[in-house]
Amino acid sequence: MSPTAPYPPPANPLSSFFGVFRYSRRALSLVWQTSPAMMLGLALCTLVAGVLPAVATWVGQLIVDGVVSAMETYRTAEEPDLWDTITPVLGWVALEGGIIALIALAQRGLSAQQSLLRALLGQKVNVMILEKAGTLSLGQFEDSELYDKLTRARREASTRPLGLVNKTFSLLQNAISLTSFGVLLVQFSPWALLILVAGALPVFISEAKFSGDAFRLFRWRSPQTRMQMYLETVLAREDSIKEVKLFGLESLFLQRYRDIFTRLFSEERLLTLRRESWGFILGLLGTLTFYAAYGWVVVETITGALTLGQMTMYLMVFKQGQAALSASLTAISGMYEDNLYLSNLYEYLEQPTDVEHGTLTQGEVPGDGLRFEGVSFAYPGGEEVLHNISLHLKPGQSLALVGENGSGKTTLIKLLTRLYQPTQGRILLDGSDLRDWDAETLRQRIGVIFQDFVRYQLQVGENLGVGDMHAFDDEQRWQSAAHQGMADDFIHRMPKGYRTQLGRWFKNGQELSGGQWQKIALSRAYMRENADILVLDEPTAAMDAAAEAEVFARFREHSRDKMTILISHRFSTVRSAEDIVVIDQGHIIEHGTHEALLAQNGRYATLFHLQAKGYQ
Ligand SMILES: Nc1ncnc2c1ncn2[C@@H]1O[C@H](COP(=O)(O)OP(=O)(O)OP(=O)(O)O)[C@@H](O)[C@H]1O
């Protein structure tokens with residue numbers, strides 16, 4: 001993740017420039033879906049704010065010329081009537097005032113609708129991002145490139161669609177103003193129009209180029225930004241701060257955080273300086289053309305080709321035209337930038353997901369139980385961690401998995417729960433491939449707790465309820481699950497019972513001990529009332545000996561006619577299983593009952609005696 005090379009140059013600047021505009025239409029339709037009324041309101045206000053400035057300028061010319069001629073009339077009249085002389089001019093002044101008020105109204109309307117749309121759209125895009133996240137497989141989550149896309153999308157893209165639409169409207173507004181100014185200017189000279197455009201073009205080209213550079217910089221540095229976000233989390237979250245403090249890691253991590261910033265900042269500074277310097281130099285060209293045109297109009301007025309009112313009007317048209325042109329060009333290069341960011345959002349949203357096609361709700365051989373047939377597995381991009389595993393577990397049987405750390409026990413459970421697919425071989429449930437099963441049926445049939453279960457910052461009852469979405473709020477089910485998982489005792493002692501908030505993130509949240517949390521997780525697995533496969537991955541590691549013995553007594557009671565799989569490093573727990581499988585580096589090396597394995601005097605026997613000795 002360290003930044004080894006400078007960020008890459010674009011492939012073909014011109015084609016990539018126009019290529020990115022393909023997302024504009026999608027952004028517009030996204031805004032339309034969010035609120036058609038506000039989008040129409042935006043369009044209307046844009047039109048009003050676009051046309052009226054030229055009208056106001058034209059009225060301005062009428063005022064100046066009106067004043068000049070009124071002065072003349074007033075001066076030369078024998079009996080000057082002030083009221084009669086000034087009325088027409090005052091009428092024009094009032095009209096201009098009205099127009100300016102309308103422009104202000106349209107602009108307020110624009111900004112009000114923009115800020116409301118920003119909130120709605122931000123929410124909509126965030127929901128889209130999170131919905132997509134729900135469809136990704138575990139393997140995709142572990143893919144750092146995809147994770148980068150997700151992070152970038154979340155960080156930036158929720159504000160970009162509206163940005164793009166605002167700029168599109170601003171472009172439209174300025175284009176309307178420009179056209180109306182153009183109509184006025186062409187009457188003076190078509191050359192004047194050309195000068196106006198030529199003066200602004202260089203700034204636009206440089207802006208477009210630097211927008212592209214900024215986006216590539218953003219993309220290039222995203223792994224490092226992610227590391228920064230991670231360090232922020234470690235340094236400022238309650239679940240990691242304990243260890244950070246004890247090990248005195250604050251300064252080390254903070255230094256790393258600063259170093260990343262320094263590295264990223266130097267690239268950003270370079271880009272900003274280049275962008276602004278070129279912007280200034282090329283902007284001067286625009287100013288130069290404006291003053292050349294200014295001189296020209298002045299000369300024409302002095303020689304009598306233009307009236308004073310026309311001179312004021314053309315100067316205004318020039319000045320405002322130039323502002324509108326440069327605003328349009330800035331909008332275009334901004335749209336280019338927004339499109340680049342949106343391309344990232346859509347790349348993420350269009351990420352293909354592993355669709356679960358299975359529809360089976362019953363297997364070919366009901367009652368056959370679980371079979372692993374020659375199953376091998378490698379994590380994406382990794383080496384094989386399970387090799388040719390074959391097992392059979394019948395209903396009512398219990399299986400224990402034993403093996404050293406990293407031997408592949410949890411991985412086997414991940415395959416069984418279909419979080420990953422075997423790279424070779426197949427897993428059958430009731431005679432049918434796991435892949436062919438309907439996802440919801442499968443979910444209902446398997447109750448599992450992993451060793452790294454989640455400690456939800458929710459109420460106690462909800463922490464149990466997540467075990468079965470259909471009974472998320474069912475207090476009776478919470479109670480019976482908590483009873484089986486031995487959590488009911490301490491829950492009753494809590495201030496609000498099942499309604500007590502857990503964790504420290506929210507007000508009045510209660511923290512639990514490691515063993516208590518484990519009892520919550522265990523109860524969560526019992527929420528699946530209809531599950532006939534129960535998997536416990538080191539469920540009692542944090543419990544005291546008495547609690548552990550009790551947990552297993554209840555577990556056996558509860559699971560008499562079910563298939564159970566238990567992973568534990570404690571042999572006292574494992575020994576009662578009907579079938580014990582010893583895994584070593586992804587291979588099954590021994591297999592049998594406790595007594596049979598002891599008699600074999602192999603790896604199991606050695607480990608068992610080693611542990612037994614520790615207790616003597
Ligand atoms: N998400 C992952 N991506 C890549 N490799 C992984 C992943 N999870 C585990 N591994 C690797 O797979 C192997 C088996 O890990 P697994 O978690 O199945 O072991 P385990 O037997 O459950 O260990 P423990 O007793 O420590 O819980 C290990 O070598 C580990 O490095």
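What follows draws every value from the coordinates through simple rules; no lab data is involved. Quick caveat, the model's predicted, so the values are computed rather than measured. Here the Cβ is made from the backbone with ideal geometry for all residues, glycine too, and neighbour counts use every protein chain on show.
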**Prompt:** Rg to Rh ratio, region 117-219, alpha-carbon atoms and Kirkwood radius?
**Reply:** 1.20
**Complete:** Using alpha carbon centers only, region 456-499 is separated from region 240-274 by a whole-angstrom value of 41
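Pop out the Kirkwood hydrodynamic radius of region 291-400 from its pairwise C-alpha distances, inverse of mean 1/r, in Å to one decimal.
Working: mean 1/r = 0.0442 Å⁻¹.
Value: 22.6 Å, from the Cα pair sum.
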**Item:** Relative compactness, region 487-616, computed as alpha-carbon Rg over 2.2 N^0.38 Å
**Value:** 1.27
**Prompt:** Running Debye on the chain with equal point scatterers at the Cα sites and no solvent, what base-10 log of I(q)/I(0) appears at q = 0.08, 0.12, 0.13 Å⁻¹?
**Reply:** -0.79, -1.29, -1.40
**Item:** Relative contact order of the chain, pairs being alpha-carbon contacts under 8 Å that are 6 or more residues apart, as %
**Value:** 14
**Request:** Filter the GluC sites (Glu not before Pro) in region 546-585 down to the DSSP loop ones having no more than 16 other Cβ atoms within 10 Å, then list what survives.
**Result:** E578
**Complete:** Counting only residues 5 or more apart in sequence or on a different chain, those whose built amide H sits under 5 Å from that of T593 are I580
**Cα gyration tensor, region 223-370 - rounded (a/c under 1.5), prolate or oblate** = oblate
**Prompt:** If eta is 1.306 mPa s and T is 10 °C, what Stokes-Einstein diffusion coefficient results for region 38-94, Kirkwood Rh from Cα pairs, in µm²/s?
**Reply:** 118
**Request:** Please go through the residue pairs K124/K167; K245/K613; K409/K562; K132/K414; K132/K245 and name each one whose alpha carbons sit more than 25 Å apart in this structure.
**Result:** K245/K613; K132/K245
**Prompt:** How large is the helix-only mean residue ellipticity at 222 nm for the chain, computed as the sum of -39500 (n - 2.57) over DSSP H runs with n ≥ 4, divided by its residue count, in deg cm²/dmol to the nearest 500?
**Reply:** -22000 deg cm²/dmol
**Message:** List the lysines whose Cα sits under 22 Å from the Cα of K496, skipping any in the same chain fewer than 8 residues away.
**Reply:** K507, K519
**Request:** Report, as a whole number in µm² per second, the diffusion coefficient that Stokes-Einstein gives for region 550-616 at 37 °C and 0.692 mPa s using the Kirkwood radius over alpha carbon pairs.
**Result:** 254
**Item:** Largest-first principal axis extents of the Cα set of region 429-573 (Å)
**Value:** 50, 35, 24
**Item:** Average projection area in nm² (convex hull over Cα atoms of region 330-456, one quarter of hull surface)
**Value:** 12.1
**Request:** Report the Stokes-Einstein translational diffusion coefficient (µm² s⁻¹, integer) for region 417-477, Rh taken as the Kirkwood radius over Cα pairs, at 4 °C with viscosity 1.567 mPa s.
**Result:** 94
**Angstrom value of the Kirkwood radius, inverse mean 1/r, which spans all Cα pairs in region 35-154** = 19.3
